[in-house]
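All remarks here apply to the structure that follows.
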Amino acid sequence: MFKKILFATTSSAICNDASNAAIELAKKHNSKLYIFHALGFPTRGFGSHVVDFKTGEHEYYSPEYVSRIKGEIEKTYAAQLKELDNYTIETLAGVPHTEILRLARKEEVDLIVMGPHTKEDKGALLYRSMLGSTMQGVTQKARCPVMIVSCPVPKEKLEFKNIVFGTDFSKLSDAAFIFAYDLAKERGSMLYLFHALDITPGIGAAIFGQNEIDKCLYGIKDRIKETYVSKMEGFDNYNIRTWEGIPYMEIVKFARRKEADLIVMAHHSKEKDPDKAIIGSTMEQVVMRANCPVVSVNRQV
Amino acid sequence: MAEEAKTQEEKPQDKRPLVSRVPVKDKEMLDLLLADRGVTYYEEMKKFPVDTEAFKKTLDASCKSRIRTWLKICAHCGMCADTCFFYLANDRDPKQVPSYKIQSTLGEIVKRNGDVDTDFMINCMDTAWGKCTCCNRCGMYCPHGIDMGVMFGYTRGLCFSQGFVPHEMKIGSGMHWIFNAQMDVTVEDYVETCEWMVEENEEYYPGLTIPVDKVGADIMYVVNAREPKHYPQDLAVAAILFHLAGESWTVPSKGWEGTSLAMFAGDWACCKQQVENVYAAMERLKVKRYVGTECGHQHRATITEGPYWAGRKSGDPPVPGLHYVEWVLEALETGKLKLDPAKKIKEPCTLQDPCNYVRNHGLTDVTRKIMSYIAEDFREMSPNREHNFCCGGGGGMNGIGRYRKERNIGLKVKRDQILATGTKFVVSACHNCWDAIRDLEEVYKIGIKWSFLKPILLEMVIVPDHLKPKEEEEGANE
């Protein structure tokens, strides 16, 4: 499934969890791994200087600088890369998400792996809007699934034995389902088809009684069967779960309870204006709170 | 010449000199220059001799009555002093008075008929690129109509012909020679980027295309190489807006780049070949009009000055040339593009007038009319319109490492202009101005935002019903 994996890195400690996951995945799947680092932003237009992302210093964008940075990346990941033959390290100056997308498109990669943000402060994860703009830019436009890794992932969890597919029945969720289903089939995983009925209280919002909620949940179960189970030919290692609550909270809770190895969701669902669909707020919250990698799907693959 | 030969002999055989009187036309030389930080380049320059014989010939052939008269009739009245932002930003240093700057460089060259030395030429270079952005503001205030900006443009050409040109400018014109673009973006790269941008956006804008080499289109759209290189979304937004406006448009494969670092570098031959590429595309595709992206010097190079470089007697390009702001206004006034008035910018905002298409091409009212469509509280800078100061990064200044300190001092004038408006948002429909304003924020941290027009328009534009994507089935939660 993952013949080509693109690991986009800041080449700093903040990407360690993502690098471990990307390299392990490449080993497991015999994938070609592209390690990509946008090494600086070309602030001077046509000038030859770049602002180094790591140091913030102005650097001269010369072949020497490029090879120095490549060397540093190679050194950073040397121990992990030992058992991996098929990898390449790519660097260039540019707007990171643009260059990540350009490379992903050029090499027709099957998966992009990256960390959630470029800020060193882990505490920032607790707050909204702290996702790095690079990750937002990539998930917004990527044609392949994007795996966001924001916590340490033990090797065995990368077998993806427990996959939670969170749906809101949007068109993009159909695309996310296909990815989750294909992966579950390939890995022989348990696939949880999960929906959380949104009962977030709001001004003027109807307050449901438990009976109404239960009724709704039954209806949703049927809808899951009709929408997804009907497409699973002979695959019976699945489980349908419908909970009520605040969707992101319920998905995260459910994933924890089932010790999920992976959460798969559509990038955004209701927002049709692409510029506003930076990343669905449910997705955003899930990425930040989940204790396993999260895959964002934005296109029918 | 003998001296130069000796210098070259002393070098290892496998190392080509970085400084030379000829433009960079091969990739190997370009790579050598790119690999150099400018250190070796400027060290070499200190020993690089002036070819005085060739200099005399160049002067004879190119220094005509206008320049000679201007140099002679300058009364040294000093009226130009206050017009120059470098003079103002440098505590009114007399050495920054435009007339002094030109008399002490070009004036001396003409007086001595090219009999000058290396140190003199390095000073010329440092003045022509490091103390002047060719914004032409001084020319507006000179009682004799002497335009020091024009003369510095000419001086740059003389410096280039002798090999005394800033490192990045030498590279810039080399890029144009090799790639027909200011950056290493090939035709294949460009076309590929167009395809990519369509793929990224067609789902949201069904029917979106970027027609490449479509013969007979109404509009040929030409960009700045920075867009495909670093900001391909800009190209995507341009395509979306043309699409929503229902325009018949195309982008050329060959001739897609409208800018000219060759103009900033003073590489006259390169200016000619660069603009002829664009004109050839206009003729090949038989388009009705040209629209260039949000770039000031692109308009100057292709529409204002280009026709003369290409030897066009009419002084016009082969088809009428519009700056992007002209197309936007036309689309707004004719109703091709409709904006949602509720989405107008609410916070106070100001507008940067780019020298190249405002002072030097008279598009003063166009941007103001656009502002009336997009902003609720538009506040003018002072001075403004054709009197506006250069952003501080024009004429190649933004890109030259050697003059970074000087550039940053010069930015103070724009900083104070923006601060005086009391706004925190600057609309800038020019790449160079956009860069300078961004750098200004980086250096002085005055807490401003800045934007091109395209992203603002995309935010506000009303998508006609027939161009909207089909509604998907609503989710269970709705």
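The values are calculated or read from the model by the stated rules, or taken from the named source; none is laboratory data. The model shown is predicted, which means the values in this text are computed figures rather than measured ones. FYI the Cβ positions are ideal-geometry reconstructions off the backbone, even for glycines, and counts take in every protein chain you see. We work out accessible area using only protein heavy atoms, side chains counted, and drop any ligands, DNA or RNA first. Shrake-Rupley method; radii C 1.70, N 1.55, O 1.52, S 1.80 Å.
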- Message: Here is a check on your reading of the model: is B:Glu442 surrounded by fewer than 17 Cβ atoms within 10 Å (Cβ to Cβ) and not in a loop (DSSP other than H, G, I, E, B)?
- Response: yes
- Among A:Glu99, A:Glu90, A:Glu64, A:Glu59, which is the only one that is part of a helix (DSSP H, G or I), outside the structural domain of A:Arg187 (by TED's automatic domain parsing) and in contact with a strand residue (DSSP E or B) (Cβ under 6 Å, 6 or more places away or on another chain)? A:Glu99
- Task: Spot the failing condition for B:Gly246; the list is (1) surrounded by fewer than 23 Cβ atoms within 10 Å (Cβ to Cβ); (2) under 30 Å from A:Ser62 (Cβ atoms); (3) of a type in the set (Gly, Ala, Ser), and only one is missed.
- Result: (2)
- Query: Restricting attention to region B:200-207, does a residue exist that is open to solvent by 10 Å² or more (accessible area, probe 1.4 Å), away from every other protein chain (no Cβ under 11 Å) and closer than 12 Å to B:Ser253 by Cβ?
  - Reply: no
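Each row is one residue, and each column tells you yes or no for (1) among the charged types (D, E, K, R); (2) assigned by TED's automatic domain parsing to the domain that holds B:His431; (3) more than 27 Å from B:Asp435 (Cα to Cα).
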position	(1), (2), (3)
B:Val215	no, no, yes
B:Val223	no, no, no
B:Gly255	no, no, no
B:Ile303	no, no, no
B:Asp316	yes, no, yes
- Query: Taking region B:334-352 as the search range and keeping residues that are in contact with a helix residue (DSSP H, G or I) (Cβ under 9 Å, 6 or more places away or on another chain), surrounded by fewer than 20 Cβ atoms within 10 Å (Cβ to Cβ) and touching a residue at least 24 places away in the same chain (Cβ under 8 Å), which one is nearest to B:Glu380 (Cα to Cα)?
  - Reply: B:Pro348
- Task: Write out, first by first residue and then by second, each pair whose Cβ atoms fall under 6 Å of each other, whose residues are 6+ apart or on separate chains, and whose first residue, in region B:70-91, is within 16 Å of B:Ile409 (Cβ to Cβ) while the second is of a type in the set (Phe, Trp, Tyr) and open to solvent by less than 30 Å² (accessible area, probe 1.4 Å).
- Result: B:Phe85/B:Phe389
- Query: Restricting the search to region B:265-296, which residues are more than 23 Å from B:Cys194 (Cα to Cα) and open to solvent by 10 Å² or more (accessible area, probe 1.4 Å)?
  - Reply: B:Trp268, B:Ala269, B:Lys272, B:Gln273
- Note on the structure: When restricted to A:Ser11, A:Ser19, the only residue touching a Phe, Trp or Tyr at 6+ places or on another chain (Cβ under 9 Å), in a loop (DSSP other than H, G, I, E, B) and more than 14 Å from chain B (Cβ to nearest Cβ) is A:Ser11
- Message: Just the residues that are part of a loop (DSSP other than H, G, I, E, B), within 12 Å of another protein chain (Cβ to nearest Cβ) and at pLDDT below 85, please, taken from region A:168-204.
- Response: A:Ile199, A:Thr200
- Note on the structure: Picked from region B:56-75 (must be hydrophobic (A, V, I, L, M, F, W, C) and not in a helix (DSSP H, G or I)), the residue surrounded by the fewest Cβ atoms within 10 Å (Cβ to Cβ) is B:Ala75
- Give the residue that is most open to solvent (accessible area, probe 1.4 Å), with candidates limited to residues of region B:169-199 that are in the same structural domain as B:His299 (by TED's automatic domain parsing) and of a type in the set (Ser, Thr, Tyr). B:Thr186
- Residue list for region B:415-436, filter: in contact with a strand residue (DSSP E or B) (Cβ under 9 Å, 6 or more places away or on another chain) and in a helix (DSSP H, G or I): B:Gln417, B:Ile418, B:Thr421, B:Cys433, B:Trp434
- Checking B:Arg137 against (1) buried (at least 19 other Cβ atoms within 10 Å of the Cβ); (2) charged (D, E, K, R); (3) within 13 Å of B:Met151 (Cβ to Cβ), which test does it fail? (3)
- Query: Failed condition for B:Thr364, given (1) under 30 Å from B:Glu168 (Cβ atoms); (2) within 19 Å of the chain's Cα centre (by Cα), with all others met?
  - Reply: (1)
